[in-house]
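A.B. asks: Take this structure first; my questions come after.
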Amino acid sequence: MHTCISHRAAAVVTYDYDDVVPAGQLDLRGDNSPPLATAVPMLAQPGLSADELSSYGGVAGDPELRAILGALIGVAGDQVLVTTGGSEALFLALTCVADPGDTVLLPRPAFPGFEQLARLVGLRVVHYDVPGVPPRRRAGEPVVVCTPHNPTGIITTPGISVRDDGWTVWDISHMSLAGRRIADLTAELAAHDILVFSLSKLLRLPGARVGCLVATDPAMLAAATRVKTHLSMSSSRPGQHLAKRILSNPATQDELDTRIARFDDLRGELLDAVAASRGLIAVAAADGTYVFVRTRDGSDAWQRLADAGVVGMPGVVFNSAPDTVRLCIAQSDQIVREAARRVKSL
Ligand SMILES: Cc1ncc(COP(=O)(O)O)c(C=O)c1O
């Protein structure tokens, strides 16, 4: 047979959540919050010129956007490569840290893209558990750390056991960039650290497809930039334009601070509700918008919650067991409060 799909492509698994959640059920699968109020007027008027759209723009991204992202993250603008979402940054990082057949250490449970992309680029995957002891690697093995972790909300601080002797890809796509957390990470950023970031979560703008890869090692940054040339060439110029305008508006930071404080409250309410329930336990989420729940008796967690009218993302999506489910708190206060009330009764 000469027309087989490659084994690697045939093995790719995808999940979407386009199905409609029935009336009366609460949809806590993903972020359903409205766009940032600061962004709304700019979404209607992208302010693009024909010049911008009739050329690719630099492979590394708009220099002003690189500088803005660098300042937010705490690195120099020329250490930032603008990417087509966090997904492309992840693909570039995995491509540049190892060769086909090499091992990469990935968290489990985890954002499914880690495993799918690692296998697509030919890497051998070894898992480490989250929560659990920090990953121990053999010399030279790259490790991916997701902090705040999707789907558990756990924070990993830069510990020596993670950082030693090999590349560490820090996926900080769910980091709020407010407070000390990002500063603590970048203050210790070493040449073998790579950051993957996305504006999809921070600015509630997954459709803009803007993310970035940060590396302090010039050889890594140059390699990722070369690979990107043949992948997407440049990231969407309307997306970059929009990101630049939203991030340089002083009102944005205030709105983000309010949003983060609200998420802290809602996360606390949902965690308290799980703790008050008889049949459920949750991982102690510290940041991000997710709460990862497990049934005490090992029964199907997604089904148990769906029966109570709370629809989450099944744990199997994240390579976890059916007794787990992820709930997203990026919803209206009413939805999360009602979900907490239902969860408490389980
Ligand atoms: C941990 C993590 N990394 C990367 C991505 C991909 O981000 P993007 O939507 O910007 O491609 C996601 C998306 O959900 C994610 O959760």
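The values are calculated or read from the model by the stated rules, or taken from the named source; none is laboratory data. Since we're looking at a predicted model, the values are computed, not measured. Note: ideal-geometry Cβ built from the backbone for every residue, glycine included; neighbour counts use all protein chains shown. Quick note on the areas: whole protein, heavy atoms, side chains included, nothing else; ligands and nucleic acids left out. Shrake-Rupley method; radii C 1.70, N 1.55, O 1.52, S 1.80 Å.
A.B. asks: Would you tally the residues in the stretch 116-162 being open to solvent by less than 50 Å² (accessible area, probe 1.4 Å), in a loop (DSSP other than H, G, I, E, B) and modelled with pLDDT under 90?
C.D. replies: So the answer is 5.
A.B. asks: Still on this structure: Is it the case that some residue within the stretch 277-288 is modelled with pLDDT under 95, under 21 Å from Leu177 (Cβ atoms) and among the charged types (D, E, K, R)?
C.D. replies: yes
A.B. asks: Going through the stretch 180-208 one residue at a time, which ones are touching a residue at least 40 places away in the same chain (Cβ under 8 Å) and either more than 16 Å from the ligand (Cβ to nearest atom) or assigned to a loop (DSSP other than H, G, I, E, B) (or both)?
C.D. replies: Once the filter is applied, which keeps residues that are touching a residue at least 40 places away in the same chain (Cβ under 8 Å) and either more than 16 Å from the ligand (Cβ to nearest atom) or assigned to a loop (DSSP other than H, G, I, E, B) (or both), the stretch 180-208 yields Ala183, Thr186, Ala187, Leu189, Leu203, Arg204, Leu205.
A.B. asks: Moving to a separate point now. Please enumerate the residues belonging to the stretch 209-221 that are more than 9 Å from the ligand (Cβ to nearest atom) and of a type in the set (A, V, I, L, M, F, W, C). I'd like the intermediate steps shown before the answer.
C.D. replies: First, the residues of the stretch 209-221 that are more than 9 Å from the ligand (Cβ to nearest atom): 212-221.
Matches in the stretch 209-221: Cys212, Leu213, Val214, Ala215, Ala219, Met220, Leu221.
A.B. asks: Within the stretch 254-266, restricting attention to residues that are in contact with a helix residue (DSSP H, G or I) (Cβ under 9 Å, 6 or more places away or on another chain) and not hydrophobic (A, V, I, L, M, F, W, C), which residue is most open to solvent (accessible area, probe 1.4 Å)? Let's see the steps before the verdict.
C.D. replies: Going residue by residue through the stretch 254-266, those that are in contact with a helix residue (DSSP H, G or I) (Cβ under 9 Å, 6 or more places away or on another chain) are 256, 262, 265-266.
When the remaining residues are screened for being not hydrophobic (A, V, I, L, M, F, W, C), the result is 262, 265.
On the way: Arg262: 75, Asp265: 99 Å².
Checked the stretch 254-266; the qualifying residue most open to solvent (accessible area, probe 1.4 Å) is Asp265.
A.B. asks: Given the condition open to solvent by less than 20 Å² (accessible area, probe 1.4 Å), part of a strand (DSSP E or B) and of a type in the set (S, T, N, Q), answer yes or no: does some residue in the stretch 223-245 qualify?
C.D. replies: No, because not a single residue in the stretch 223-245 is open to solvent by less than 20 Å² (accessible area, probe 1.4 Å), part of a strand (DSSP E or B) and of a type in the set (S, T, N, Q).
A.B. asks: Would you pick out the residues in the stretch 272-289 that are part of a helix (DSSP H, G or I), surrounded by fewer than 20 Cβ atoms within 10 Å (Cβ to Cβ) and either among the aliphatic types (A, V, I, L, M) or assigned by TED's automatic domain parsing to the domain that holds Gly211 (or both)?
C.D. replies: Result: Ala275, Ala276.
A.B. asks: While we're on this one: State whether the residues of the stretch 231-241 include one that is assigned by TED's automatic domain parsing to the domain that holds Leu94 and within 18 Å of Asn150 (Cβ to Cβ). If you could, list the steps in order and put the result at the bottom.
C.D. replies: Kept after step one, since they are assigned by TED's automatic domain parsing to the domain that holds Leu94, are these residues of the stretch 231-241: 231-241.
Narrowing the set further to residues that are within 18 Å of Asn150 (Cβ to Cβ) leaves none.
Within the stretch 231-241 (the criterion being assigned by TED's automatic domain parsing to the domain that holds Leu94 and within 18 Å of Asn150 (Cβ to Cβ)), the answer is no, since none of the residues qualifies.
A.B. asks: Across the stretch 1-36, what is the total count of residues that are over 26 Å from Gly113 (Cα atoms) and open to solvent by 70 Å² or more (accessible area, probe 1.4 Å)?
C.D. replies: Count: 5.
A.B. asks: Quick one: which of Leu195, Leu205 is surrounded by 24 or more Cβ atoms within 10 Å (Cβ to Cβ) and assigned by TED's automatic domain parsing to the domain that holds Ala110?
C.D. replies: Values: Leu205 fails: surrounded by 24 or more Cβ atoms within 10 Å (Cβ to Cβ).
Result of the check over Leu195, Leu205: Leu195.
Rundown of residues vs (1) of a type outside the set (Gly, Ala, Ser); (2) under 30 Å from Leu69 (Cα atoms), yes/no style:
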position	(1), (2)
Ile246	yes, yes
Arg262	yes, yes
Asp265	yes, yes
Ala276	no, no
Ile281	yes, no
Thr295	yes, no
Ala306	no, no
Arg326	yes, yes
Ser332	no, yes
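A.B. asks: State which residue is nearest to Asp16 (Cα to Cα) when the search covers only the stretch 290-331 and only residues that are part of a helix (DSSP H, G or I) and in contact with a helix residue (DSSP H, G or I) (Cβ under 8 Å, 6 or more places away or on another chain).
C.D. replies: Restricting to residues being part of a helix (DSSP H, G or I) and in contact with a helix residue (DSSP H, G or I) (Cβ under 8 Å, 6 or more places away or on another chain), the top hit is Val317.
A quick yes/no check of all residues on (1) in contact with a Pro (Cβ under 8 Å, 6 or more places away or on another chain); (2) closer than 27 Å to Asn150 by Cβ; (3) away from the ligand (no atom under 16 Å from the Cβ):
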| position | (1), (2), (3) |
| --- | --- |
| His2 | no, no, yes |
| Ser6 | no, no, yes |
| Tyr17 | no, yes, no |
| Ser49 | no, no, yes |
| Val75 | no, yes, yes |
| Gly85 | yes, yes, no |
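A.B. asks: If you take the residues in the stretch 42-71 that are at pLDDT below 95 and among the acidic types (Asp, Glu), which one is surrounded by the fewest Cβ atoms within 10 Å (Cβ to Cβ)?
C.D. replies: Among those residues, the one meeting the criterion is Asp51.
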